[in-house]
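Visitor: Structure incoming, see below.
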Amino acid sequence: MSAEKFAAGERAALAALCTADAERELAALPQRLQKLRAGALEVRDPTAADGTLAVLLRLARELPAQTVLEIGTGEGLTALALALACPALRITTVEADAARHAAACAHFAEFGVRERVTALFADAAVALNGLQGPFDLIFLDGPKAQYVHWLPRLKELLRVGGVLAADDVLLYGWVDGSVPVPYKRRSIAARLGDYLAAVQSDPALETLVLRVGEGLAVSVLLR
Ligand SMILES: C[S@@+](CC[C@H](N)C(=O)[O-])C[C@H]1O[C@@H](n2cnc3c(N)ncnc32)[C@H](O)[C@@H]1O
């Protein structure tokens with residue numbers, strides 16, 4: 001997808017790109033990965049919700065993306081789905097938790113995508129400085145309070161016409177005020193609100209907030 005396509009402020013083009021048939025997208029994934037995802041979602045191990053993954057798969061295919069950066073690998077299930085759905089895709093993914101990083105590497109090896117996935121065991125705050133873009137698609141799914149602080153660097157790493165997709169931006173309805181924020185979660189809700197305000201007011205970005213999972217902010221870099 002070219003930047004010009006979006007430059008005229010064609011939110012409709014972006015919206016069309018973000019429309020995905022989750023059932024069909026997920027049914028195309030290998031049975032073993034479907035089982036891993038279902039198991040993870042059942043025990044609330046963090047992985048992207050079905051609707052979120054479906055949008056990411058469609059974006060990766062139709063941009064089309066050759067390079068993806070994921071912040072927050074978890075056990076690698078979303079990176080794996082992207083790698084399997086797009087056989088030419090190269091993915092860089094960053095995880096700070098040793099056990100999750102190890103589980104993700106085991107999954108990448110099991111599914112034969114290890115050579116296309118660079119799995120970094122690092123704090124993204126540090127890793128981001130050393131990464132080389134440009135990436136076609138960035139999936140931001142790490143510590144929510146950091147999204148707004150990392151935004152300038154993520155924009156540098158994104159190609160013009162590329163997409164930054166940030167997960168959980170509505171977080172249980174706390175961010176848009178539809179559900180009262182528990183006292184201890186006020187800071188994270190406020191930082192996510194700051195992130196949304198930043199991407200929505202940035203003239204270099206066209207942003208849609210999708211009601212999939214806990215909210216996915218999809219921003220195209222226009223220039
Ligand atoms: C929601 S999970 C990621 C799920 C994964 N993207 C998926 O869809 O399968 C968020 C991950 O971010 C990791 N994380 C938290 N802080 C981090 C940091 N500073 N740098 C890198 N990873 C971090 C957590 O350990 C956790 O595994």
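Visitor: Restricting attention to region 46-54, does a residue exist that is under 11 Å from LEU137 (Cα atoms) and within 13 Å of the chain's Cα centre (by Cα)? Give the steps one after another, and end with the answer.
Guide: Of region 46-54, the ones under 11 Å from LEU137 (Cα atoms) are none.
No: zero hits.
Visitor: Against the definition (more than 20 Å from LEU208 (Cβ to Cβ) and surrounded by 24 or more Cβ atoms within 10 Å (Cβ to Cβ)), how does ALA106 come out, yes or no? So that I can check it myself, show each step before the final result.
Guide: Working: more than 20 Å from LEU208 (Cβ to Cβ): yes; surrounded by 24 or more Cβ atoms within 10 Å (Cβ to Cβ): no.
So ALA106 fails the test.
Visitor: May I ask you to list the residues in region 128-178 that are free of Cβ contacts under 8 Å to residues at least 24 places away in the same chain and among the hydrophobic types (A, V, I, L, M, F, W, C)?
Guide: TRP174
Visitor: Of everything in region 166-184, what is surrounded by fewer than 14 Cβ atoms within 10 Å (Cβ to Cβ) and in a helix (DSSP H, G or I)? Give them in sequence order. Reasoning before the result, please.
Guide: Residues of region 166-184 that are surrounded by fewer than 14 Cβ atoms within 10 Å (Cβ to Cβ), as a first pass: 177-180, 182-184.
Passing the criteria: TYR183, LYS184.
Visitor: Determine whether ASP136 is touching a Ser or Thr at 6+ places or on another chain (Cβ under 7 Å) and either more than 16 Å from the ligand (Cβ to nearest atom) or modelled with pLDDT of 95 or more (or both). Don't jump to the end; show me each part of the working.
Guide: Numbers: touching a Ser or Thr at 6+ places or on another chain (Cβ under 7 Å): yes; either more than 16 Å from the ligand (Cβ to nearest atom) or modelled with pLDDT of 95 or more (or both): yes.
Considered against the rule, which asks whether it is touching a Ser or Thr at 6+ places or on another chain (Cβ under 7 Å) and either more than 16 Å from the ligand (Cβ to nearest atom) or modelled with pLDDT of 95 or more (or both), ASP136 comes out as yes.
Visitor: Can you confirm whether LEU151 is surrounded by 18 or more Cβ atoms within 10 Å (Cβ to Cβ) and in contact with a strand residue (DSSP E or B) (Cβ under 9 Å, 6 or more places away or on another chain)?
Guide: Values: surrounded by 18 or more Cβ atoms within 10 Å (Cβ to Cβ): yes; in contact with a strand residue (DSSP E or B) (Cβ under 9 Å, 6 or more places away or on another chain): yes.
Yes.
Visitor: Applying the selection to region 52-73, what residues are surrounded by 18 or more Cβ atoms within 10 Å (Cβ to Cβ) and in a helix (DSSP H, G or I)?
Guide: THR52, LEU53, ALA54, VAL55, LEU56, LEU57, ARG58, LEU59, ALA60
Visitor: Same structure, new question: How many of the residues in region 74-100 are more than 8 Å from the ligand (Cβ to nearest atom) and in a loop (DSSP other than H, G, I, E, B)?
Guide: Total satisfying the criteria: 4.
Visitor: Is it true that ALA20 is more than 17 Å from ALA83 (Cα to Cα) and either charged (D, E, K, R) or away from the ligand (no atom under 14 Å from the Cβ) (or both)?
Guide: Numbers: more than 17 Å from ALA83 (Cα to Cα): yes; either charged (D, E, K, R) or away from the ligand (no atom under 14 Å from the Cβ) (or both): yes.
Spelling it out, ALA20 is indeed more than 17 Å from ALA83 (Cα to Cα) and either charged (D, E, K, R) or away from the ligand (no atom under 14 Å from the Cβ) (or both).
Visitor: Look at region 117-130 and say how many of its residues are outside any strand (DSSP E or B) and either of a type in the set (Ser, Thr, Tyr) or surrounded by 17 or more Cβ atoms within 10 Å (Cβ to Cβ) (or both). Break it down into steps so the answer makes sense when it comes.
Guide: Start the filter on region 117-130 by keeping residues that are outside any strand (DSSP E or B), which leaves 122-130.
Then drop every residue that is not either of a type in the set (Ser, Thr, Tyr) or surrounded by 17 or more Cβ atoms within 10 Å (Cβ to Cβ) (or both), which leaves 124, 127-128.
Residues that pass the stated criteria total 3.
Visitor: Can you pull out every residue in region 128-162 that is touching a Phe, Trp or Tyr at 6+ places or on another chain (Cβ under 6 Å) and of a type in the set (Val, Ile, Thr)?
Guide: Once the filter is applied, which keeps residues that are touching a Phe, Trp or Tyr at 6+ places or on another chain (Cβ under 6 Å) and of a type in the set (Val, Ile, Thr), region 128-162 yields only VAL148.
Visitor: Let me ask something additional. If ALA109 satisfies every condition in (1) farther than 29 Å from LEU36 by Cα; (2) part of a helix (DSSP H, G or I) but one, which is the exception?
Guide: Against the list (1) farther than 29 Å from LEU36 by Cα; (2) part of a helix (DSSP H, G or I), ALA109 comes up short only on (1).
Visitor: Please tell me if ALA125 is within 18 Å of the chain's Cα centre (by Cα) and either under 30 Å from PRO30 (Cα atoms) or free of Cβ contacts under 8 Å to residues at least 60 places away in the same chain (or both). Break it down stepwise before answering.
Guide: Numbers: within 18 Å of the chain's Cα centre (by Cα): yes; either under 30 Å from PRO30 (Cα atoms) or free of Cβ contacts under 8 Å to residues at least 60 places away in the same chain (or both): yes.
Taking the combined requirement at face value, the residue satisfies it.
The values are calculated or read from the model by the stated rules, or taken from the named source; none is laboratory data. Being a predicted model, the structure only gives us computed values, none of them experimental. Virtual Cβ from ideal backbone geometry, glycine too; neighbours counted across all protein chains shown.
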